[in-house]
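The values are calculated or read from the model by the stated rules, or taken from the named source; none is laboratory data. Since the model is a prediction, treat every value here as computed from it, not as a measurement. Cβ: placed from backbone, ideal geometry, glycine included. Neighbour counts: every protein chain shown.
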């Protein structure tokens, strides 16, 4: 099963882009997801909600993608997984606000918790709650 | 009880990971694995197969032989390959006390395998290659809660 992405721009006091993922995020497609967000950032997106409701699987490479997406949305180059500590910038706040997550299925939520990456995100129960919180 | 056993041979290609996951998902369902158990089995085989393709074969052609079967109260997954020796059980644990924004994002695959599975064993394959054997009890609870 491939990964499909749907992009929706929501206008408001704070414009936000909702990126919905449908399918499975793994080592074969995580780089495409990073490229998608890089393009969104280049096109002006500054607030991003990633809707995970239809994402039924996330591999550890998906965590690399989420980590990279946070850095892109923070206006920084994404980390090189092979570069080690020197690639990491110290100025991100622990829970950043540029990227928020919505509606992870239990398996995806467990992967985020087991790796501590959930601390980097506000996780909303659904897309409406995420939009209301912007 | 009729044994549930499936075997799949796929090229070392990241685009084939979905098939590997699907096969293990089918076996887990046939074994009446509950959702957390099923997710753990699928996660473990994906991470292990990805490691073989990325760190074992490193872009060179080869195959993975994946089996999944019920053995008693366990589901056992084996992945055999002909890649240069690579023992994922020797990979050190990531330091999760480091805040995620300061951490190198890679290296989480083996960590997730350890949390998903009850037993992970590595052995060199006779004649060259590697065999990784992973077992998880058909327990509905995550390992952290047992």
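What the table shows:
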{"read-out": "Residue in region B:78-90 that is under 20 Å from residue A:107 (Cβ atoms) and within 13 Å of the chain's Cα centre (by Cα) present", "value": "no"}
{"read-out": "Meets criteria (under 15 Å from residue A:72 (Cα atoms) and touching a residue at least 12 places away in the same chain (Cβ under 8 Å)) for residue A:5", "value": "no"}
{"read-out": "Hits in region A:8-34 (condition: over 12 Å from the mean Cα position of the chain (by Cα) and under 17 Å from residue A:70 (Cα atoms))", "value": "A:16, A:31, A:32"}
{"read-out": "Residue that is nearest to the other protein chains (Cβ to nearest Cβ), among those in region B:14-50 that are under 16 Å from residue B:135 (Cβ atoms) and in a loop (DSSP other than H, G, I, E, B)", "value": "B:33"}
{"read-out": "Search result, residues across region A:14-33 that are surrounded by fewer than 19 Cβ atoms within 10 Å (Cβ to Cβ) and over 15 Å from residue A:98 (Cα atoms)", "value": "A:22, A:23, A:31, A:32"}
{"read-out": "Total residues in region B:1-13, condition buried (at least 17 other Cβ atoms within 10 Å of the Cβ) and not in a strand (DSSP E or B)", "value": "2"}
{"read-out": "Members of region A:83-134 found to be part of a helix (DSSP H, G or I), modelled with pLDDT under 90 and either at the interface with chain B (Cβ under 9 Å from one of its Cβ atoms) or surrounded by 14 or more Cβ atoms within 10 Å (Cβ to Cβ) (or both), listed by number", "value": "A:84, A:85, A:87, A:117, A:118, A:119, A:120"}
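Matching residues to (1) closer than 20 Å to residue A:118 by Cβ; (2) buried (at least 20 other Cβ atoms within 10 Å of the Cβ):
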site	(1), (2)
A:35	no, no
A:46	no, no
A:52	yes, yes
A:56	yes, no
